[in-house]
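Step one of this worksheet: look at the structure below.
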Amino acid sequence: MRVCVIALFALFAGCATEAPIALKQMGSFHIGGREVTISGKPVKEVTFTPGGVPAKVDPNGVYQVEQMYVQYFIPQNQRGTLPLLMWHGGGLSGVTYETTPDGREGWMNYFIKQGWAVYNSDAVERGRSGWAMYPDVFKGEPLFLTKADPFNRFRIGDGPGSFSTDPAKMKLKPGSQFPAEGYNNFTKQGVPRWTTTDDAIIRAYTELVDKVCPCVILVHSQSGPFGQKVAQARPDKVKALVLVEPAAPGDAKLAANLKNTPILAVYGDYIEEDPRWPTIRANQLKFGEQVKAAGGKFEVINLPQAGIKGNSHMIMMDRNSDQVAGLIQEWLAKQGLFR
């Protein structure tokens, strides 16, 4: 079989010195989902193109819903012993790990260059995975966020009144590593999210693990509990978990299922100043103690205590993102998962 090498060169001005990425394979697929039959809806007449001829559209019938989009990159010089799956947080998509909002290479590129086969996905109802009808399939309504909402909730802005649509007038937390000039680009990544699709998301992630694993899973925020619960359901297939500011822990009743899955939790800065994050982190650390009591390995890196300061909730987008990725890479190597 002939193997092609694909070189992906940096496309942004000023990045010409970046080394190319050499791949032996890349591609994408959809996984998971189910068929749903809708009935009792009126037939509509729709003009799809201005000036076109109207067509009758019958919304009754069978629909494909709750599938998940996955893109994969297999490096030519593969050094990670297992695939690395990257799962994003709430209201976002796999773009989280791609180019940073200010134009730097993101964690996806970083880990591919290290030699990991990376699988980056858009969870159910995000990005290229597509929507489904609501409330027929997705219960409730989608949640949309203003541009200002993540600024303080993600520990970027320095309190009420700190947001401005003009990056020069934004008031970031002292020493913040988040690139203010990229914040408007970051808000363009936002997608609607439902609060009622967790079960469908977990089903799709579980099918992905069944398809491509044994593997390592790196999660962020909302996908924190998803990664831990999928690992608890498939302890033989998930060989390590990296939790980047997980929003919630796994199932306490099944903590022992993770006794053979080493876990690393990474937290950024300003947590003590936030009304929510001290409790969120404490809940995860309590779960980590339960995993350790069952014989497992649960390690924590609080970045400020490690001398790395100024990180927001979006650690993979902060200016020092490569430095944090290096800590994760070092930890994975210590687990025997890197050649």
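The values are calculated or read from the model by the stated rules, or taken from the named source; none is laboratory data. Everything numeric in this text was worked out from a predicted model, so none of it was measured. Neighbour counts run over all protein chains shown; Cβ positions are idealised from the backbone, glycine included. The accessibility values were calculated without ligands, DNA or RNA, using every heavy atom of the protein model including side chains. Shrake-Rupley method; radii C 1.70, N 1.55, O 1.52, S 1.80 Å.
When its C-alpha radius of gyration is set against 2.2 N^0.38 Å (N residues), the chain gives a value of 1.04.
Just the projected area, averaged over all directions, of the convex hull on the alpha carbon atoms of segment 288-328: how many nm²? Mind dumping the intermediate values first?
Values: hull surface 13.8 nm².
That works out to 3.4 nm².
Highest average first, the peptides 237-243, 247-253, 300-306, 141-147 ordered by how many other beta carbon atoms sit within 10 Å of their residues are 237-243, 247-253, 300-306, 141-147.
Relative to the 2.2 N^0.38 Å rule of thumb, segment 95-176 has a C-alpha radius of gyration ratio of 1.47. Ordered by 1.4 Å accessible area with all protein chains kept, Arg79, Arg104, Arg339 run largest first as Arg339, Arg79, Arg104. Ranked by the mean number of other Cβ atoms within 10 Å of their residues, highest first, the peptides 260-268, 289-297, 49-57 fall in the order 260-268, 289-297, 49-57.
Placing +1 on each Lys and Arg Cβ and -1 on each Asp and Glu Cβ, with no other charges, gives segment 116-229 a dipole about its Cα centre of roughly 300 debye.
Here, segment 213-339 is characterised by an Rg to Rh ratio of 0.95, where Rg is the alpha-carbon radius of gyration and Rh the Kirkwood radius.
Taking all C-alpha pairs of segment 184-250, those more than 16 Å from each other amount to 49 percent. Take the alpha carbon gyration tensor of segment 62-208, find the square roots of its eigenvalues, order them as a ≥ b ≥ c, and report rounded if a/c is under 1.5; if not, report prolate when a/b exceeds b/c, else oblate. Oblate. For the chain, the mean residue ellipticity at 222 nm estimated from helices alone is -7000 deg cm²/dmol, where every DSSP H run of n ≥ 4 contributes -39500 (n - 2.57) and the total is divided by all residues, rounded to the nearest 500.
Against the empirical 2.2 N^0.38 Å scaling, what ratio does the C-alpha Rg of segment 18-131 come to? Write out the running numbers ahead of the final one.
Values: Rg = 19.5 Å, N = 114, 2.2 N^0.38 = 13.3 Å.
Ratio of Rg to 2.2 N^0.38 Å for segment 18-131: 1.47.
Distance distribution P(r), segment 164-283, all Cα-Cα pairs, bin width 5 angstrom from 0: 2, 10, 16, 18, 18, 14, 10, 7, 4, 1, 0 percent. In segment 72-127, Rg over Rh equals 0.99, where Rg is the alpha-carbon radius of gyration and Rh the Kirkwood radius from pairwise Cα distances.
Computed with a 1.4 Å probe on the full set of protein chains, the accessible area for Arg281 sits at about 40 Å².
Here segment 211-254 and segment 122-181 have alpha carbon centers that stand 24 Å from each other. Only protein heavy atoms count here; on that basis, with a 1.4 Å probe, Leu285 has an accessible area of about 60 Å². Packing here is the average count of other Cβ atoms within 10 Å per residue, and on that basis the peptides 61-72, 31-42, highest first, run 61-72, 31-42.
The aspartates and glutamates within cross-link reach of Lys237, meaning a Cα-to-Cα straight distance under 15 Å and a gap of 8 or more places when in the same chain, are Glu207, Asp210.
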